[in-house]
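J.: Starting off with a structure, shown below.
The values are calculated or read from the model by the stated rules, or taken from the named source; none is laboratory data. All values derive from a computational prediction rather than experimental measurement. In this analysis, Cβ positions are derived from the backbone assuming ideal geometry, glycine residues included, and neighbour counts consider all displayed protein chains. With ligands, DNA and RNA removed, areas are computed over all heavy atoms of the protein, side chains included. Shrake-Rupley method; radii C 1.70, N 1.55, O 1.52, S 1.80 Å.
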Amino acid sequence: MKPKNIPGVPQQVKGSFHDTESIKKIDKTKDLDIKFNILKQRFFAINNWQKYCSEGSADFKLCDSSGKTVERLPEIGDYIRIDIPGPGGTEGRSFDWVQIIQIDLGIPNQVMIQCRPSADPIKKHSRKIAHFYSNSATSTFFVFKGENTIKAGIYGRNESPNLKSGFFNAIRNWMIAIGGMLGFSKIQWKCLAKGLVDFE
C-alpha cells in the first residue's frame, strides 16, 4: 500500500507511514457549516484531545516555547507534550515532544497543523530528540469540509525509531516505534480522528 499524495503532507522517503481518516456524513446542509466550525474548535483545543478517545489513550498538552502548558490557539513554534500510557524513559524523560512547524489556514474548507519530533523545550541545553521517532518523521493533522461531509485526517510520514537518546531511552523508543509501525499508533490516531468528528 502506498501513502496518499495529499498537498501539504511531506513525501514518504523512508521508514513507516500511515494515513488515518474518519469521515462523518452531514445529512442537513444547514448543519454543515455549524458542525465544521465545531470541528475546528475541537481541532485547535489540543489540551482536550484526550477527551475524544477512550480511557488509557495518550494525553496531549499545548506548550509554549519554554515548555509551559498554555490554554490558547496553537501557534507555529509551540510544542505539544505527549504523555503515552506506560513507563517513561529511565534517564529523566517521561514525555514525548513535538514542535508545531506549520499551520495552514489559507485553503478554504480545510485547516492543517504539522508537527515534527523535537527536543524537550524545558531542557534548554539539550538537543536530544525527546520522542520515540527521529526528527525526520512528521505528523500532519487536517480537518476538511466536503459537500456533505466533514473529515479529520492524520498523516504520518518517514517514521523510524529515535535511537540517539541514550541507551535505555533508545530501547524504549525502539519498542514504542516498532509498535507504532505495526499499527498500534494508528489505533490511537483513529480514535482521535473518529472522536473529533463524532457529534452523537
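J.: Scan segment 149-162 for residues that are assigned to a strand (DSSP E or B), surrounded by 18 or more Cβ atoms within 10 Å (Cβ to Cβ) and of a type in the set (S, T, N, Q) and jot them down.
T.: We begin by selecting, within segment 149-162, every residue assigned to a strand (DSSP E or B); these are 149-159, 161.
Among the residues that remain, those that are also surrounded by 18 or more Cβ atoms within 10 Å (Cβ to Cβ) are: 150-159, 161.
Correct list: 158 only.
J.: Scan segment 143-151 and give yes if some residue there is acidic (Asp, Glu), free of Cβ contacts under 8 Å to residues at least 60 places away in the same chain and closer than 30 Å to residue 29 by Cα, otherwise no. Walk me through it before giving the result.
T.: Narrowing segment 143-151 to residues acidic (Asp, Glu): 147.
Next cut, free of Cβ contacts under 8 Å to residues at least 60 places away in the same chain only: 147.
Remaining after also requiring closer than 30 Å to residue 29 by Cα: 147.
Among the residues of segment 143-151, at least one is acidic (Asp, Glu), free of Cβ contacts under 8 Å to residues at least 60 places away in the same chain and closer than 30 Å to residue 29 by Cα, which makes the answer yes.
J.: Which residues, taken from segment 124-148, are part of a loop (DSSP other than H, G, I, E, B) and either at pLDDT below 85 or hydrophobic (A, V, I, L, M, F, W, C) (or both)?
T.: Going through segment 124-148, the residues part of a loop (DSSP other than H, G, I, E, B) turn out to be 124-128, 130-132, 134-137, 146-148.
Of everything in segment 124-148, those that are part of a loop (DSSP other than H, G, I, E, B) and either at pLDDT below 85 or hydrophobic (A, V, I, L, M, F, W, C) (or both) turn out to be 124, 125, 126, 127, 128, 130, 131, 132, 137.
J.: Is it the case that some residue within segment 2-15 is touching a helix residue (DSSP H, G or I) at 6+ places or on another chain (Cβ under 9 Å) and open to solvent by less than 50 Å² (accessible area, probe 1.4 Å)? I'd like the intermediate steps shown before the answer.
T.: Our first condition is that a residue be touching a helix residue (DSSP H, G or I) at 6+ places or on another chain (Cβ under 9 Å); within segment 2-15, this holds for 15.
From what is left, the residues that are open to solvent by less than 50 Å² (accessible area, probe 1.4 Å) are none.
No, segment 2-15 has no match at all.
J.: Residues to consider are 35, 24, 30; find the one that is open to solvent by 30 Å² or more (accessible area, probe 1.4 Å), under 26 Å from residue 62 (Cβ atoms), assigned to a helix (DSSP H, G or I) and not hydroxyl-bearing (Ser, Thr, Tyr).
T.: Details: 24 fails: assigned to a helix (DSSP H, G or I); 30 fails: under 26 Å from residue 62 (Cβ atoms).
Within the list 35, 24, 30, the selection yields 35.
J.: Being open to solvent by 40 Å² or more (accessible area, probe 1.4 Å), modelled with pLDDT under 55 and over 18 Å from residue 60 (Cβ atoms) is the filter here; which residues of segment 172-196 pass it?
T.: Hits for segment 172-196 are 174, 181, 182.
J.: Answer yes or no as to whether residue 70 is among the β-branched types (Val, Ile, Thr), more than 15 Å from the chain's Cα centre (by Cα) and loosely packed, with under 13 Cβ neighbours inside 10 Å. Steps first, answer last, please.
T.: Values: among the β-branched types (Val, Ile, Thr): yes; more than 15 Å from the chain's Cα centre (by Cα): yes; loosely packed, with under 13 Cβ neighbours inside 10 Å: no.
Against the criterion (among the β-branched types (Val, Ile, Thr), more than 15 Å from the chain's Cα centre (by Cα) and loosely packed, with under 13 Cβ neighbours inside 10 Å), residue 70 does not qualify.
J.: Further question on the same structure: Examine segment 111-126 for a residue that is in contact (Cβ under 8 Å) with a residue 24 or more places away in the chain, open to solvent by less than 60 Å² (accessible area, probe 1.4 Å) and touching a helix residue (DSSP H, G or I) at 6+ places or on another chain (Cβ under 8 Å), and state whether such a residue exists. Before you say what the answer is, go through the steps one by one.
T.: Filtering segment 111-126 down to residues in contact (Cβ under 8 Å) with a residue 24 or more places away in the chain leaves 111-115, 117-118, 120-122.
Within this subset, residues satisfying the condition of being open to solvent by less than 60 Å² (accessible area, probe 1.4 Å) are 111-115, 117-118, 120-121.
Next cut, touching a helix residue (DSSP H, G or I) at 6+ places or on another chain (Cβ under 8 Å) only: 111, 113.
Yes, segment 111-126 contains a residue that is in contact (Cβ under 8 Å) with a residue 24 or more places away in the chain, open to solvent by less than 60 Å² (accessible area, probe 1.4 Å) and touching a helix residue (DSSP H, G or I) at 6+ places or on another chain (Cβ under 8 Å).
J.: Sticking with this structure for a sec: Return the only residue of 59, 83, 78 being among the acidic types (Asp, Glu), more than 21 Å from residue 195 (Cα to Cα) and open to solvent by less than 80 Å² (accessible area, probe 1.4 Å). Walk me through it before giving the result.
T.: Working: 59 fails: more than 21 Å from residue 195 (Cα to Cα); 83 fails: more than 21 Å from residue 195 (Cα to Cα).
Checking each option against the conditions leaves just 78.
J.: On to the next question. From (1) open to solvent by less than 30 Å² (accessible area, probe 1.4 Å); (2) under 21 Å from residue 6 (Cα atoms); (3) of a type in the set (A, V, I, L, M); (4) out of contact with any Cys (no Cβ under 6 Å at 6 or more places or on another chain), pick out the condition that doesn't hold for residue 101.
T.: Exception for residue 101: condition (1).
J.: Quick one: would you say residue 142 is open to solvent by 10 Å² or more (accessible area, probe 1.4 Å) and not β-branched (Val, Ile, Thr)? So that I can check it myself, show each step before the final result.
T.: On the way: open to solvent by 10 Å² or more (accessible area, probe 1.4 Å): no; not β-branched (Val, Ile, Thr): yes.
So residue 142 does not fit the description; no.
J.: Please go through segment 48-93 and give me each residue that is at pLDDT 95 or above and either touching a His at 6+ places or on another chain (Cβ under 9 Å) or among the aliphatic types (A, V, I, L, M) (or both), ordered by number.
T.: Matches in segment 48-93: 62, 70, 73, 76, 80.
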